[in-house]
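Data block below; observations after.
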Amino acid sequence: MGSAVPSLENSETILIVAPTGQDGHLAATLLAKSNIEALVLRSVAELCDHLDKPHGGVIIAEEAITRENSELLKQKIASQEAWSDVPLILLTSPRRSNESENIPQQLSVSGNISILERPFRLVTLLRAVKVAIRARRRQYQVRELLKHQERALQQRDEFLSIASHELKTPITTLKLQSQLTKTLLSKGDKSVYQPERIDKLIGSIERQTERLARLVDDMLDISRLDNKKLRITPEDCNLSEIVTQVLDTFAQQFQAVGCVVSSRLDPQICGSWDRYRIEQVIANLFTNSIKYGARNPVRVEVSREPLFAVLKVTDKGLGISKEDQERIFHRFERAVSKDNISGLGLGLFIAKEIIEMHKGFISVDSEIDKGSTFTVRLPIGVRDERLCEPNVNLDLSTHIAQE
Ligand code: ADP
């Protein structure tokens, strides 16, 4: 029961400092009857050792405090972290010795102190302990809040530094290209007018500006998500049609890294989704299969389960360890070092939010060095057969082998 020494794991354990063990154990037994754990300590020095560990407050008998150790206790209380204001319940006697006369005043200078003059009713002690525990609980909540804010600030700083780097890369490339073209033009170099050269330049400008636009879009989406302003506008869509359109826009990028894409797209999978946002999710999965797929073949499938349209994007690239698989769907979380492959760690977080706004699910199945399959499930809802006529030709370019 209360007199058994509990561990200090419980952040609501009351520390009792009573020089005569008997008093302490009596108080602990009383608290145990109200399901309050207590730890009986013999001295102020012992208390000071325990004050930094989780606890719900302190009951201290006046006779445990001497002129010397009251200084130690004051210092200990004064050095608490900003969130902490340990509740002290001081048990005093009406006939105080000279030495202890000023103790309550001394300690109250730096402490959160309640004074109970003996004899007091047990119910009074119990009430004081409950008030102390409640106050301490609030303090621990403040501590958690502060920790959370600290982490959020740290993440914001990291994000700003990565985001600036990410934005700078395409800007630098664009700048270099324009400088080079300007120099060649000023030298009268006619090669700048060669159609292949112009094509290459335009292609590169397009890629860099797309990259910039994607980064800015991700940042805007994060801010919209924070302000609960990201909305979806559902319309009747055919999933394979959307996938085919996105595959088309990515054909060149897959080709550029030598990545062959195969697909099996059931043309009859329809639902009411936000076309633009679903395109965004698919584009993110394709971008990742290019970034992390190690140039290996990528497989895209659209199929149907009783209640869901299912999209699977499978690569045979780096893979993701089991420990990281849940984390990567959180904001700013990445499973690779920023020195290896650049990224903001936002794409999957935004994708998850978008899919969940559609009442769907996104998950990953992956093994390190073997590859990953990202699966998106979107509710099918009401089905209108007329919608299932795809508007685009599902035959894909040479790099996209369709079965
Ligand atoms: P980013 O790619 O900008 O880092 P994402 O949110 O899209 O952001 O992805 C989060 C992390 O998940 C990536 O940093 C990477 O570690 C991991 N990841 C995503 N897709 C894949 C994939 N296909 N293969 C291996 N790892 C992946």
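The values are calculated or read from the model by the stated rules, or taken from the named source; none is laboratory data. This structure is a prediction, so every number in the text was calculated from the model and none was measured. No Cβ is skipped: glycine too gets one built from the backbone with ideal geometry, and neighbour counts run over all protein chains shown.
Structure notes:
- Residue within segment 297-316 that is within 17 Å of GLY347 (Cα to Cα), at pLDDT 95 or above, within 12 Å of the ligand (Cβ to nearest atom) and not in a strand (DSSP E or B) present: no
- Taken over segment 333-342, the residue count meeting the criterion of being surrounded by 17 or more Cβ atoms within 10 Å (Cβ to Cβ) and either in contact with a Phe, Trp or Tyr (Cβ under 6 Å, 6 or more places away or on another chain) or touching a residue at least 40 places away in the same chain (Cβ under 8 Å) (or both) is 0.
- Of all the criteria given as (1) part of a loop (DSSP other than H, G, I, E, B); (2) more than 8 Å from the ligand (Cβ to nearest atom); (3) at pLDDT 95 or above, the one not satisfied by THR398 is (3).
- Matching residues, segment 246-271, being at pLDDT below 95 and polar (S, T, N, Q): THR249, GLN252, GLN253, GLN255, GLN268
- Considering only residues in segment 279-296 that are more than 12 Å from the ligand (Cβ to nearest atom) and surrounded by fewer than 21 Cβ atoms within 10 Å (Cβ to Cβ), the one that is nearest to ILE380 (Cα to Cα) turns out to be GLU279.
- Within segment 50-73, the residues that satisfy the criterion of being surrounded by 16 or more Cβ atoms within 10 Å (Cβ to Cβ) and under 41 Å from the mean Cα position of the chain (by Cα) are HIS50, LEU51, HIS55, GLY56, GLY57, VAL58, ILE59, LEU73.
- Meets criteria (within 16 Å of the ligand (Cβ to nearest atom), small (Gly, Ala, Ser) and in contact (Cβ under 8 Å) with a residue 40 or more places away in the chain) for SER321: yes
- Matching entry among SER186, SER164, SER204, SER240 (being closer than 20 Å to GLU333 by Cα and either exposed (fewer than 12 other Cβ atoms within 10 Å of the Cβ) or out of contact with any Lys or Arg (no Cβ under 8 Å at 6 or more places or on another chain) (or both)): SER164
- Hits in segment 327-353 - residues which are near the ligand (Cβ under 8 Å from one of its atoms) and out of contact with any helix residue (DSSP H, G or I) (no Cβ under 9 Å at 6 or more places or on another chain): none
- When ALA32, ALA18, ALA28 are checked against the criterion of being buried (at least 21 other Cβ atoms within 10 Å of the Cβ), more than 20 Å from ILE115 (Cβ to Cβ) and touching a strand residue (DSSP E or B) at 6+ places or on another chain (Cβ under 8 Å), a single residue qualifies: ALA28.
- Among residues of segment 172-199 that are under 20 Å from GLN252 (Cα atoms), those with a beta-carbon under 6 Å from a residue that is assigned to a helix (DSSP H, G or I) at least six positions away or on a different chain give the pairs THR173/GLN208; LEU174/GLN208.
- Selection within segment 354-377: residues that are in a helix (DSSP H, G or I) and surrounded by fewer than 21 Cβ atoms within 10 Å (Cβ to Cβ). The member of this set that is nearest to the ligand (Cβ to nearest atom) is GLU356.
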